[in-house]
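All remarks here apply to the structure that follows.
The values are calculated or read from the model by the stated rules, or taken from the named source; none is laboratory data. In this text the structure is predicted, and so the values were computed from the model without any measurement. Reconstructed Cβ throughout: ideal geometry from the backbone, glycine too, with neighbour counts over all protein chains shown. With ligands, DNA and RNA removed, areas are computed over all heavy atoms of the protein, side chains included. Shrake-Rupley method; radii C 1.70, N 1.55, O 1.52, S 1.80 Å.
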Amino acid sequence: MQSSSMTMLKLGRQTQLVQLRSMATIKEKVGEVIEKAGKAFTDTGKVGKKFNPDHPDGTAGKEAQKQGKEADKQGGALKKDGAIGKQFTKEGAIGGTAQKAGEKAEGLGKKMEGEEKAKK
């Protein structure tokens, strides 16, 4: 009877160890996903680059820049340094918010991923 309870105790510890390793792997994978999602919204990421006129894939950004150049010629709030136009730059309220959120999520993902890799 005693050997069977010792065996069960050993199996219980092994099961807990396997569960802990599985949880660490899951946390690491979640970190990778968060990092990738955050990076997508930075100015060079899959989503963000579409709005970056300086990026080769920046179609939306180039169109906005084209429209902005027209606005620059006419002047007013829509020009790139105008009251509205400047809000869409990387430093502006709208563009900057997306950039900061993307960078924060990317950093959080890297941190989670790194913590789990360091434990291994």
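Mind checking the full-extension length gain between Lys104 and Asp81? Use 0.36 nm per residue of separation minus the Cα-Cα distance, one decimal, nm.
Answer, rounded to one decimal: 5.7 nm.
Run the quick spin-label model on Lys111 and Thr97: label points 7 Å from Cα toward the beta carbon, then report their separation in nm to one decimal.
Rounded to a tenth, the inter-label distance reads 2.2 nm.
Place a point 7 Å from Cα of Thr89 in the direction of its Cβ. Which residues in the stretch 52-70 have their backbone N less than 15 Å from it?
Inside the label zone: 52-54, 65, 68-69.
Any idea how far apart Ala40 and Ser22 come out in nm if each label point goes 7 Å out from Cα toward Cβ?
Calculated label separation equals 2.8 nm.
Amide H neighbours of Gly92 under 5 Å, counting only residues 5+ apart in sequence or on other chains, H built in-plane at 1.01 Å?
The list, which skips near neighbours in sequence, is empty: none.
Can you give me the solvent accessible area of Asp54 with a 1.4 Å probe, rounded to the nearest 10 Å²?
Here the accessible area works out near 130 Å².
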